[in-house]
1. Mind listing whichever residues of the range 151-181 are in contact with a helix residue (DSSP H, G or I) (Cβ under 7 Å, 6 or more places away or on another chain) and farther than 21 Å from residue 240 by Cα?
2. Check off (1) free of Cβ contacts under 8 Å to residues at least 40 places away in the same chain; (2) in a helix (DSSP H, G or I); (3) in contact with a helix residue (DSSP H, G or I) (Cβ under 9 Å, 6 or more places away or on another chain) for residue 200 and give me the number that stays unchecked.
3. For residues in the range 30-44 being modelled with pLDDT of 90 or more and closer than 26 Å to residue 249 by Cα, which is nearest to the chain's Cα centre (by Cα)?
4. Give the residue, chosen from 135, 99, that is at pLDDT 80 or above, more than 30 Å from residue 205 (Cβ to Cβ) and within 19 Å of the chain's Cα centre (by Cα).
5. From (1) under 26 Å from residue 49 (Cβ atoms); (2) outside any helix (DSSP H, G or I), pick out the condition that doesn't hold for residue 131.
6. Out of (1) touching a helix residue (DSSP H, G or I) at 6+ places or on another chain (Cβ under 9 Å); (2) surrounded by fewer than 22 Cβ atoms within 10 Å (Cβ to Cβ), what's the single condition that is false for residue 63?
7. Considering only residues that are more than 20 Å from the chain's Cα centre (by Cα), surrounded by 14 or more Cβ atoms within 10 Å (Cβ to Cβ) and assigned to a loop (DSSP other than H, G, I, E, B), which ones fall in the range 218-244?
8. Scan the range 72-87 and tell me whether some residue there is at pLDDT 85 or above, closer than 22 Å to residue 194 by Cβ and assigned to a helix (DSSP H, G or I).
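The values are calculated or read from the model by the stated rules, or taken from the named source; none is laboratory data. Keep in mind that what you see is a predicted model, and the values were worked out from it rather than measured. Neighbour counts are summed over all protein chains in view; Cβ atoms, including those assigned to glycine, are modelled from backbone coordinates with ideal geometry.
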């Protein structure tokens, strides 16, 4: 994942932010437990949203205890002592997606970045095999959709077609393969949003390095990309409203209705040379 799916902290209650950080810390520790110390560096807040969503739709008690950060023992944090299977699955998903992202970087990067990715690929491949054994359906679906991603970029038919495979793989993951469900749509439009934000953010570097970017031939990158991202966020928001959340509703709504749009606006400000809010 890419790291765009975060909360907008100014609009989040302190207690909710503590829980949000607690989910991140718990998932970080689960990553180490399942896939080793260095796997922690693969973790992003995108995976935290998956955990929040899956836990939020389950009507059960959230058990929370006080803990300490493994990297900074003096730093206190919260630990989620329930829903362990969701954390295990999120860890496996993170490893699988990271492996395929690395493979994509190898096929579509400048020389030095490509060389670095090749050097660390054996490690990624080793931990990915472990995740594949636990979640073969997710690995197979990701492999299928990432092949579609390469084809969509090679035979470019427009921004929507380029964003579709990334949307589809997250749709599959969020819905456990139930392709006609609201959960699929939520994952789908989240994936589209992340793909478009990443393309928007990397536009100048991709053009300079002659790499693929779905907005490469646009007349106005800020206007066109911002509009595409805004539409995708809007669709995601409509499906999120349909879900009954038993836990973490305020955090999830903050991410969808505030956090994603903040990332869009932040990219616009950076491209215009304006200061952050």
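1. Of everything in the range 151-181, those that are in contact with a helix residue (DSSP H, G or I) (Cβ under 7 Å, 6 or more places away or on another chain) and farther than 21 Å from residue 240 by Cα turn out to be 152, 153, 156, 159, 161, 162.
2. The single condition residue 200 does not satisfy is (1).
3. 31
4. Values: 99 fails: more than 30 Å from residue 205 (Cβ to Cβ).
Matching residue, one of 135, 99: 135.
5. For residue 131, the failing item is (2).
6. Exception for residue 63: condition (1).
7. Passing the criteria: only 218.
8. Yes, the conditions are met somewhere in the range 72-87.
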